[in-house]
Amino acid sequence: MDAKPARLSRTVMTDLVLPPDTNHYGTIFGGKVMAYIDKIAAISAMRHSRRPVVTASSDSLDFLAPIKVGEAIHIEAFVTYTHRTSIEVYVKIQSEDLMTGDVRVTATSYLTFVAVDEEGQKVEVPPVLPETEEEKMHFETAPDRMQMRIERKAQRQRRLTMRESST
């Protein structure tokens, strides 16, 4: 399979934060942001693979600042790395004060998806070709993140096995 440029998977979404989207502090619900993240990352992964995808992992979601009612939420995602059937996507969330133009990063996240066929079986995906400095940085650091996910999953599996054997 030929590598595909990361830019072809880039996906951007902007929405206005309204009162029903917020908690009693007037800031957007974290769960709403998480839903946006999963949706935009899935679109990015599907653009890259041209296949249906399922979420395999969501990690390192770091909320850095709140997004207030009346501000715009701007979400950007692109594929950073692929392995045989998996696709890592980076998502950056920003807020914009529409009256002042002030923009700030409010959260970042990495998600991993697995491409599947019509029967839900894993299928191979094309490699990703990073072009910009930002894309290259995410690409070069991706194997370390993948290893951490593998180790985290193994630890959880061991704990689950220990709990099941002790009951």
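The values are calculated or read from the model by the stated rules, or taken from the named source; none is laboratory data. Note that the coordinates shown come from a computational prediction; the quantities given were computed from them, not determined experimentally. All Cβ positions, glycine included, derive from the backbone under ideal geometry; neighbour counts span all protein chains shown.
Data table
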| item | result |
| --- | --- |
| Selection status of residue 30, within 20 Å of residue 98 (Cβ to Cβ), more than 14 Å from the chain's Cα centre (by Cα) and surrounded by fewer than 15 Cβ atoms within 10 Å (Cβ to Cβ) | no |
| Residue that is β-branched (Val, Ile, Thr), modelled with pLDDT of 95 or more, under 16 Å from the mean Cα position of the chain (by Cα) and more than 28 Å from residue 124 (Cβ to Cβ), where the choices are 105, 91 | 105 |
| Residue in segment 95-147 that is farthest from residue 26 (Cα to Cα), counting only those that are assigned to a loop (DSSP other than H, G, I, E, B) and hydroxyl-bearing (Ser, Thr, Tyr) | 132 |
| Tally of residues being in contact with a Lys or Arg (Cβ under 9 Å, 6 or more places away or on another chain) and polar (S, T, N, Q) across segment 50-63 | 2 |
| Residue 3 vs. criteria surrounded by fewer than 19 Cβ atoms within 10 Å (Cβ to Cβ), farther than 22 Å from residue 96 by Cβ, small (Gly, Ala, Ser) and under 11 Å from the mean Cα position of the chain (by Cα) | no |
| Qualifying residues in segment 45-57 (those that are surrounded by 14 or more Cβ atoms within 10 Å (Cβ to Cβ) and charged (D, E, K, R)) - the one nearest to the chain's Cα centre (by Cα) | 47 |
| Qualifying positions in segment 76-92 - in contact with an Asp or Glu (Cβ under 8 Å, 6 or more places away or on another chain) and not polar (S, T, N, Q) | 78, 79, 81, 84, 91, 92 |
| Residues of segment 134-147 satisfying the condition of being loosely packed, with under 13 Cβ neighbours inside 10 Å and in contact (Cβ under 8 Å) with a residue 60 or more places away in the chain | 143 |
| Of all residues making up segment 67-94, the number that are surrounded by fewer than 23 Cβ atoms within 10 Å (Cβ to Cβ) and either among the aromatic types (Phe, Trp, Tyr) or not in a loop (DSSP other than H, G, I, E, B) (or both) | 9 |
| Qualifying position, being under 19 Å from residue 84 (Cβ atoms), in contact (Cβ under 8 Å) with a residue 40 or more places away in the chain and over 18 Å from the mean Cα position of the chain (by Cα), among 131, 124, 151 | 124 |
| Selection within segment 63-101 - among the charged types (D, E, K, R) and either without any contact (Cβ under 8 Å) to a residue 12 or more places away in the chain or in contact with a helix residue (DSSP H, G or I) (Cβ under 9 Å, 6 or more places away or on another chain) (or both) | 76, 88 |
| Residue within segment 148-161 that is in contact with a Ser or Thr (Cβ under 7 Å, 6 or more places away or on another chain) and either crowded, with 16+ Cβ neighbours inside 10 Å or not hydrophobic (A, V, I, L, M, F, W, C) (or both) present | yes |
| Verdict on residue 60 being crowded, with 16+ Cβ neighbours inside 10 Å and either in a strand (DSSP E or B) or in contact (Cβ under 8 Å) with a residue 60 or more places away in the chain (or both) | no |
